[in-house]
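**Q** What follows is a structure written as structure tokens; I'll ask about it next.
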Amino acid sequence: MIIVSEATCREVMTAADAFVAVEAVFAAMARGDAYNFPVIREAIGHADALYGFKSGFDRAGLSLGLKSGGYWPGNAAKGLTNHQSTIFLFDPDTGSLRALVGGNYLTAVRTAAASSVSIAHLARQESKVLGMVGAGHQAPFQLRAAAAQRNFDKVLAWNLHPQKLQSLQQVADELGLPFESVEREQLAAESDVIITITSAHEALLQQGWLKPGMHIACMGTDTAGKQELDPLIFASGSVFTDEVAQSVSIGEAQHAVAAGLLQAADITPMGAVINGTHPGRRSDDEITVFDGTGVGLQDLAVASAGARLALERGLAQEVSL
Ligand code: NAD
């Protein structure tokens, strides 16, 4: 078996590689070739931690395994990332452990790949203004990946604490994109594509503020109770997701479903658009929403790609159990 360290993942795995891996696994999920197993997530009663597993099998990409990890709120004070995860890959023919792959960097990269896949398939080609809501750990990865999908000429951004926008400004500067800190209402009125990536528990964008024809990738809500959008947005737009079962239970759609504005049958798996069995955006005025909840198969897809790239470059550490 091999070990692929966090440092090696950073060295070998690009946003472009992650895009290819995540797009392929979304397509496999929609064809029924890949499925996620039930998620386990528990408060362990120690260190205030939430710990769990996300797992699945992709019969097309031959990725079998799990991501194990969670959230340790006291880690920052110890100089560690609060979110901690490790990905285990198994040989689907024998069940033997094939690889242990650091999951922290890959989680950010696969989450950014999910929103960028949605932008690639759903945003209008002529989208020019990218709006960012949130400036935490994930946000710079999101901005970088999104910027590769359309010819944006400006970034508008909002964060609860505006001083934290510096990390996004830095990425925009690197990409040569003008950057402006604005209020949410202006961001909603002027953006062609918006990414929300916060841990908010209330609607940050109201339906009445939105510009017709925009695409929203709503990425922060991955737990019951979190919320970023006005549920009315779901009633007036077309809704897409990574996995419908997660979207209605722990994703952003949970609120529109609870309000009786949306049903599971109204939500389209992103893979159906990738496979061409759903047309995706139907008009230039339509608002499209991608509810990115984060599935285990995304983790397995990027970890498999990372393991392959590390082996090719002689950077994987071989060990025997
Ligand atoms: P972080 O803790 O580094 O940043 C949190 C962000 O949320 C900051 O911008 C903060 O200002 C903002 N925020 C917190 N409370 C808020 C409030 N009440 N109103 C408005 N903004 C608020 O977290 P992160 O690692 O950047 O993750 C952001 C969110 O994305 C989290 O909810 C996380 O669970 C989620 N996430 C989702 C996926 C997925 O696959 N969909 C993957 C990773 C993380």
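**Q** Tell me which of Gln169, Phe141, His121 sits at the most positive position along the dipole axis of the stretch 33-175, charges placed on C-beta atoms (Lys, Arg +1; Asp, Glu -1).
**A** Gln169
**Q** When all alpha-carbon pairs of the chain are counted, what percent fall beyond 29 Å? Mind dumping the intermediate values first?
**A** Numbers: 17356 of 51360 pairs.
Value for the chain: 34 percent of Cα pairs lie more than 29 Å apart.
**Q** For the chain, which span is the longest to avoid every loop-located (per DSSP) member of GluC sites (Glu not before Pro) having at most 15 other Cβ atoms inside 10 Å? Don't skip to the answer; put the middle values down first.
**A** Working: sites that count: Glu126, Glu183.
Maximal segment without exposed cleavage sites: 184-321.
**Q** Let a ≥ b ≥ c be the square roots of the eigenvalues of the Cα gyration tensor of the stretch 100-212; is it rounded (a/c under 1.5), or, if not, prolate (a/b larger than b/c) or oblate?
**A** Details: a/c = 1.41, a/b = 1.24, b/c = 1.14.
Rounded, because the longest to shortest axis ratio a/c is under 1.5.
**Q** Val182 versus Lys78, label points 7 Å from Cα toward the beta carbon: distance in nm?
**A** The modelled label-to-label distance comes out at 4.2 nm.
**Q** Continuing with this model, one more query. If you count only protein heavy atoms and use a 1.4 Å probe, how large is the accessible surface of Thr81, to the nearest 10 Å²?
**A** Its accessible surface works out to 60 Å², give or take rounding.
**Q** Over all directions, average the projected area of the Cα convex hull of the stretch 57-110 and note it in nm².
**A** Working: hull surface 17.1 nm².
Seen from a random direction, the Cα hull of the stretch 57-110 projects 4.3 nm² on average.
**Q** Sort Val155, Val319 by heavy-atom solvent-accessible area, probe 1.4 angstrom, most to least. Intermediate results must be reported in sequence, preceding the final value.
**A** On the way: Val155 0, Val319 50 Å².
The ranking, largest first, comes out as Val319, Val155.
**Q** Could I ask something else about it? Excluding ligands and nucleic acids, what accessible area in Å² is computed for Tyr51 using a 1.4 Å probe, to the nearest 10?
**A** 70 Å²
**Q** Next up: Among residues other than Leu106 whose Cβ falls under 14 Å from its Cβ, what is the net charge (Lys/Arg +1, Asp/Glu -1)?
**A** Values: positive: Arg10, Lys54, Lys67, Arg110, Arg308; negative: Glu6, Glu11, Asp17, Asp299.
Charge balance in the 14 Å sphere: +1.
**Q** What's the magnitude of the charge dipole for the stretch 162-321 around its Cα centre, counting Lys and Arg as +1 and Asp and Glu as -1 at the beta-carbon? Answer in Debye, nearest 20. Provide the component values of the computation, followed by the final result.
**A** On the way: 8 positive and 22 negative charges, 60 e Å.
The calculation lands at about 280 debye.
**Q** In µm²/s, what is D for the stretch 32-150 at 20 °C and 1.002 mPa s, where D = kT/(6 pi eta Rh) by Stokes-Einstein and Rh is the Kirkwood radius from Cα pairs?
**A** Details: Rh = 16.6 Å.
The estimated diffusion coefficient comes to 129 µm²/s.
**Q** Could you give me the ³J(HN,Hα) list for the stretch 278-288, computed from phi with Karplus coefficients 6.51, -1.76, 1.60 and θ = phi - 60°, whole Hz, x at Gly and Pro?
**A** Using θ = phi - 60°, the values come out as 10, x, x, 4, 9, 8, 6, 9, 5, 8, 10 Hz.
**Q** Ordering Met29, Met270 by how much accessible area each has at a 1.4 Å probe, largest first, what is the list? If you can, show how the numbers build up before the last one.
**A** Numbers: Met29 30, Met270 0 Å².
From most exposed to least exposed: Met29, Met270.
**Q** OK, next. Would you please name the trypsin sites (Lys or Arg not before Pro) within the stretch 218-321 that are DSSP coil residues with at most 14 other C-beta atoms within 10 Å of their C-beta?
**A** Answer in residue order: Arg282, Arg313.
**Q** Mind ranking Phe37, Phe179, Phe234 by accessible surface for me, highest first, 1.4 Å probe?
**A** Phe37, Phe179, Phe234
**Q** So what's the convex hull volume per residue for the Cα atoms of the stretch 91-132, in Å³? Could you put the intermediate results ahead of the total?
**A** Working: hull volume 4.1 nm³, N = 42.
Given the Cα convex hull of the stretch 91-132, per-residue volume reads 97 Å³.
**Q** Hey, got the dipole for the chain? About the Cα centre, +1 on K and R Cβ, -1 on D and E Cβ, debye to the nearest 20? If you can, show how the numbers build up before the last one.
**A** Working: 22 positive and 34 negative charges, 80 e Å.
Charge dipole of the chain: 380 debye, to the nearest 20.
**Q** May I pose another question? GNM, the chain, Cα, under 10 Å: largest mean-square fluctuation among Gly251, Gly208, Gly102?
**A** Highest fluctuation of the listed residues: Gly208.
**Q** Could you report the chain's accessible area per residue, 1.4 Å probe, as an integer in Å²? Walk me through the intermediate numbers first.
**A** Details: 13670 Å² over 321 residues.
Roughly 43 Å² per residue, with all protein chains present.
**Q** Tell me, what is the Rg over Rh of the stretch 203-321, with Rh the Kirkwood radius over Cα pairs?
**A** Numbers: Rg = 17.7 Å, Rh = 15.8 Å.
Radius of gyration relative to Kirkwood radius: 1.12.
The values are calculated or read from the model by the stated rules, or taken from the named source; none is laboratory data. Fair warning: this is a prediction, and the values are worked out from it, not measured in the lab. A quick note on method: Cβ atoms are made from the backbone with ideal geometry, for glycine too, and the neighbour counts reach across all protein chains shown. Ligands, DNA and RNA are excluded from the accessible area calculation, which covers all protein heavy atoms including side chains. Shrake-Rupley method; radii C 1.70, N 1.55, O 1.52, S 1.80 Å.
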